[in-house]
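Everything below concerns the one structure shown next.
Nothing in this text is a laboratory measurement; each read-out follows from the coordinates by a stated rule. As the structure is a computational prediction, the values presented were derived from the model and not from experiment. Quick reminder, even Gly has a Cβ in these numbers, built from the backbone with ideal geometry, and neighbours come from all protein chains shown.
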C-alpha cells in the first residue's frame, strides 16, 4: 500500500505550498482575515502533515518499530484530512465581519456542520484511496479494497446528501440559489451527474473493474466541490467579502499570473510524468 504512493509522494507538498502562496499573494485580505480564525485547525492540520511525512520516510527504514510508524502514518493521515474538512465546513458556513475594525465576530470554527464535513472528507479520501489501491494492487489486497470501497461509497453518498441539504440552511442566499425554480432547473444536472458517478462506482466495483471506480469517484468529488463553489460564489469569505473585494492590486495579480503561467505547466508535467512512469501494479519492495 505504501509503495503505491512512494514514487509520487514528494509532489504533495508542492501543491500545498503553491496554494498557500497563491492565497497570500492574490487575496491578502482573505488571508489576513481567515488565518487568525482558522489558526488552530490549520496548525493541527500542518502538524498532522509533518507527522505523516516523517512517519512515511521512517517507516521504510525501520525494522522493529515499523508498526509504530504505520500507526503514526494512519492517525496523522486521518487527522490531516479531518481538519481539512473542518476548515472547509467553517468556510462554507461563513463568518460575521465587523466592517469598522475588519475583524471577525464570534470566530467559531468548530461546529456540528464543520465536524460533519470533517468526517465526510475522511470518508471521501478513504474512498479515493481504496479505489486507487484497486488499480495498484492484486489478489487478496485488491479484493479487500473492493470490499472497503463499497462500504465507504455508501457513507460518502449519505454524507453528500446530508451536507447538500444542510448547506443551504446556513444562508437564504444559498437556499434561493439552489431551490428557486429557475436555478433548480439550471443546476439540477450537477447533482444528477454526481448521482450517476456514484452509481457507476458501485456498478464497476461489482464488475471488478480496476480504473473506472477511481475515475468516477473523482467525478463525484469534482461535482461536490463545484457545488460548494456555486453555493459561495462570488464570495471568498461567504456573504461578506467578494472575490473582487479581496483581490490584490492589478500589478500584483499580473506578477502572480506570470509565475502561474510558468510554474503550473511545470508542476503538472512533472506530476503526470511521475504517475505515467510508475504506472502499473505496486510490488512489495521499496525502491
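With a Förster radius of 30 Å, plug the Cβ-Cβ distance of residue 276 and residue 155 into 1/(1 + (r/R0)^6) and report the FRET value to the nearest 0.05.
Once rounded, the FRET efficiency stands at 0.40.
With the Cα gyration tensor of segment 236-283 giving a ≥ b ≥ c as the square roots of its eigenvalues, does the rule (a/c under 1.5 for rounded; else a/b larger than b/c for prolate; else oblate) give rounded, prolate or oblate?
oblate
Taking springs between alpha-carbon atoms closer than 10 angstrom, which of 59, 140, 150 fluctuates most in the Gaussian network model of the chain?
Maximum fluctuation in the GNM of the chain, among the listed residues, is at 140.
Under 8 Å for C-alpha pairs, at least 6 residues apart: give me the relative contact order for the chain, rounded to a whole percent.
It rounds to 24 percent for the chain.
Can you tell me the mean projection area, over all orientations, of the convex hull of segment 208-287's alpha carbons? Units nm², please.
Result: a mean projected hull area of 8.9 nm².
By how many nm would the segment from residue 243 to residue 195 grow when fully extended, if each residue of separation counts as 0.36 nm and the alpha-carbon distance is taken off?
Once the chain is fully extended between residue 243 and residue 195, it gains 14.3 nm.
With r as the distance between the Cβ atoms of residue 71 and residue 207 and R0 = 41 Å, compute the FRET efficiency 1/(1 + (r/R0)^6) and round to 0.05.
0.75
Just to be sure I understand the model, the point goes 7 Å from the Cα along the line to the Cβ. What's the resulting residue 222 to residue 255 distance in nm?
3.4 nm
When the chain is treated as a GNM, springs tying every alpha-carbon pair under 10 Å, which of 63, 144, 29 comes out with the largest mean-square fluctuation?
Of 63, 144, 29, the most mobile in the Gaussian network model is 63.
Is segment 142-287 rounded, prolate or oblate when judged by the Cα gyration tensor, a ≥ b ≥ c being the square roots of its eigenvalues, rounded requiring a/c under 1.5 and prolate requiring a/b larger than b/c?
oblate
Given 0.36 nm per residue, what is the gain on full extension from residue 267 to residue 179 after removing their alpha carbon distance, in nm?
Extending this stretch completely gives an extra 27.8 nm.
To the nearest 10 degrees, how steeply does helix 11-26 sit against the main Cα axis of the chain, on a 0 to 90 scale?
10 degrees
How would you rank 276, 239, 176, going from fewest to most other Cβ atoms within 10 Å of each one's own Cβ?
276, 176, 239
Under the rule a/c < 1.5 gives rounded, and otherwise a/b versus b/c splits prolate from oblate, where does segment 149-235 land using the Cα gyration tensor?
Because a/c hits 1.5 or more and a/b exceeds b/c, segment 149-235 counts as prolate.
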